[in-house]
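Structure first, then comments.
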Amino acid sequence: MLRLKNFMANLYLGVEIGGTKLQLVLGLASGEIVERTRLSVDSLRGGSGIRDQIKEALPGLIRGRPIVAGGVGFGGPVDCKTGVIECSHQIEGWSGFALGPWLEAQINAPVGVENDANTAAFGEALVGAGRGLNPVFYVTLGSGVGGGLVVDGKVYHGRSPGEAEFGHLRLDRNGVIIESRCSGWAVDRRIRTAIMGEPEGVLARLAAGRDRGEARFLRPALDQGDLLARRLLSEVAEDLALGLSHVVHLCHPSVVVLGGGLSLIGEPLRLAVATELPRFVMHAFALGPRIELAGLGEDAVPVGALLLAEKLGFGR
């Protein structure tokens, strides 16, 4: 009965465009997802290839039903006022593209476009791990590293393109940034390098012979007490905590929410970051923010996109 009711309700479109993943969902203004299409991104096809995928998938997802509005979480800097993409750091063919107007023409409804980390932050702040807390800072640890800040229930924007580019904070004067140390690809690289010198452990056995995706084996290796996995987790948590100390000093969030694929390590990552953060924070902020895992998991961006479509005033 609930599903029938959902189909009769006003429907919104939510889109997540990342470096490896493309999601299109239909849902309600509350963020509830009714239907979903998930596709893999072929980076070699560039932005035009992703747009072709969206255009081909929409008719089967919508099936002639009217859409009230759409929201997009895009993996890169955007101009949220115009819906124009500034650039993608991972996929060619997006710079200067008017994604909002293009998608509006596809669905005959208004569309709002946000950076994906901002979109996920909005979802987590309203209905996820940050619900009832203010401000909320969200960190996405995926193919890249991003951040989003929600204050008083609204995404904070600085000067356009105004994003909380957490992944580009420097960890030293030589230009080492958080993304180069804590993204999924960076952790994969750390593991590949480490197991060359320590080939006998659990992590080395699980990740042997791979050239990507090694980070997925950190949790099972940790569960088996692998010392190398513990050391690598400690290094990643220390880098994240150092970066987050700047967020704490500047923004004073009540909670920091860890999301993205790397956050699937789960409680060991959350606890490690929470343990390391006080080392880098001034005594007056010693209690610091709560550190939480994303309550929406891998749905943070599409749920946030549905909420943005309604909350940013695009309903009609």
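None of the figures in this text is laboratory data; all of them are computed from the coordinates on show. These numbers come from a predicted model, not from an experiment. Backbone-built Cβ (ideal geometry, glycine too); neighbour counts: all protein chains shown.
Compute the Cα gyration tensor for the stretch 234-316, then decide on rounded, prolate or oblate, letting a ≥ b ≥ c be the square roots of its eigenvalues: rounded whenever a/c is under 1.5, prolate when a/b is larger than b/c in the other cases, and oblate in all that remain.
Details: a/c = 3.21, a/b = 1.65, b/c = 1.94.
Note, shape of the stretch 234-316 comes out oblate.
Stretching the chain fully between VAL176 and LYS154 yields a gain of 4.8 nm (0.36 nm per residue, less the alpha carbon separation). In plain terms, the residue of ASP299, ASP239 with the fewest other Cβ atoms within 10 Å comes first and the most crowded comes last, giving ASP239, ASP299.
Of the residues VAL303, VAL176, VAL78, the one that moves most in a GNM of the chain with alpha-carbon contacts below 10 Å is VAL176.
Full extension of the chain segment joining ARG205 with ASN134 gains 21.2 nm, where the gain is 0.36 nm per residue of separation less the Cα-Cα distance.
For the residues PRO302, PRO289, PRO199, a GNM of the chain with alpha-carbon springs under 10 Å puts the largest fluctuation on PRO199.
For each of PHE137, PHE280, count neighbouring Cβ atoms within 10 Å of the residue's Cβ, then give the residues from fewest to most. Before the final figure, lay out the partial values.
Working: PHE137 27, PHE280 16.
The fewest-first ordering by Cβ neighbours comes to PHE280, PHE137.
Rounded to the nearest 0.05, what FRET efficiency is calculated for ARG45 and ARG192 with R0 set to 35 Å and r the Cβ-Cβ distance?
0.85
The spacing between the stretch 229-273 and the stretch 137-159, judged by their C-alpha centroids, is 14 Å. If the segment from SER234 to ASN108 were pulled out straight at 0.36 nm per residue, it would be longer than the present Cα-Cα gap by 40.5 nm.
Taking the fewest neighbouring Cβ atoms within 10 Å as the starting point, the ordered list for SER143, SER48, SER88 is SER48, SER143, SER88. Restricting to the stretch 131-295, compute how many DSSP beta bridges are antiparallel as a %, nearest 5. Percent antiparallel among DSSP bridges in the stretch 131-295 is about 55.
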